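Worksheet: one structure, shown below.
Every read-out reported here was derived from the displayed coordinates using simple, explicitly stated rules and does not represent laboratory data. Given the structure is predicted, the values throughout are model-derived calculations rather than measurements. Positions of Cβ are backbone-derived with ideal geometry, glycine not excepted, and every protein chain shown enters the neighbour counts.
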C-alpha cells in the first residue's frame, strides 16, 4: 500500500489552466479516505501553492504537508513556519546572478519570503499568471539583499530556448560556477540552481522519515528533470504522459494520460484505488 504520494505541480498535477482537474481531485479525495497522504512537491515557494491546496481541500490542514523549493523546505499546511530550510552559498549565488544579468536572462531569485524577478519578459509574466507574489527588480547584483537581510534559497534562469539553457549549463559547469550544486530543468523553460543535496527525492525521503513511512510505501509523480530524484527515490516512480524523455526513462510507470487528462488520477486509480 502506498501511504504517501508526492506530485509535482506544473505540467503534472495542474492542467494547462493551472488548476487541478476534477478527475484528479476525486482520485486524491478517495485515496485520502484510505489514509493516504497527498503532498504537492514543487520548485516554487509554499505561498504559491495556496490556490492548489484550496482546490484539494488541504488548506490549513494539520498533518498535511508541502515540499517546496525542490524539496528543500517542508511545511505543514497548518503552520506558517517551515519544518526545514535551505539556502545557496551567498558567493555562488552572487556569481550566478551576475552572470545571468550580463547575459540578459530573465531570472527568478527566491528567498523564503520573496520571489524577485529581473528582466521580467512578457511571456514569463503571462505564464506565471499571478500564481506567485513577484517583486520586480532591475538590480544587476545581489548587494540589495544586504539591506533586506534575506538569504537566497535558489536561483533560476528562464528561456523558451532549451538549447540555450543547456549550453548555458555546460558553460557554467566549465567555469566551475555550478560545481556541487543541484542543477535541473523544469517546465521546459527553467534552468534551476539549488544548494548541494537539495532535491525533491531528498525532501520526499525526509518527510517519509518524519511521518514514519517506509520509502517503499511512497509514490512520486512528475514530468521534468527536477522530478527525477523523487521518482527514483520513491517506492514507485511515475511519469505523466507529457513528461520529458529523461523523466520517462527514470520512471517505473509512464501514464497514458497527460496532465490535462488527469495523469495523476490514472496513477492513483491504478496503484492505490485499484480501479
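Things worth noting here:
- Helix-only CD estimate at 222 nm, as mean residue ellipticity for the chain, using -39500 (n - 2.57) per DSSP H run (n ≥ 4): -9000 deg cm²/dmol
- Shape call, segment 163-275: gyration tensor on alpha carbons, a/c limit 1.5: oblate
- A Förster distance of 45 Å, applied to the separation of the beta-carbon atoms of residue 81 and residue 167, puts the FRET efficiency at 0.65.
- Nearest 10 degrees, 0 to 90: helix 22-33 Cα axis against the chain principal axis: 70 degrees
- Spacing of the modelled spin labels on residue 216 and residue 232, each 7 Å from Cα toward Cβ, amounts to 2.1 nm.
- Against the chain, whose longest principal axis comes from its Cα atoms, helix 200-211 is set at around 50 degrees.
- Cα-based shape type of segment 218-275, given that a ≥ b ≥ c are square roots of the gyration tensor eigenvalues and the cut on a/c is 1.5: oblate
- Note on segment 1-79 and segment 127-169: Cα centroid distance 24 Å, given to the nearest whole angstrom.
- In nm, spacing of pseudo-spin labels at residue 30 and residue 134 (7 Å Cα→C-beta vector): 3.8 nm
- Sequence of 116, 185, 127, 110 once ranked by neighbouring C-beta atoms within 10 Å, starting from the fewest: 127, 185, 116, 110
- Of the residues 14, 160, 204, the one that moves most in a GNM of the chain with alpha-carbon contacts below 10 Å is 160.
- Segment 90-194, Cα convex hull volume normalised per residue, Å³: 96 Å³
- Estimated FRET transfer efficiency (residue 270, residue 60; beta-carbon r; R0 25 Å; 0.05): 0.25
- Equivalent-ellipsoid semi-axes for segment 1-100 (Cα gyration tensor, √(5λ), whole Å, largest first): 28, 16, 11.
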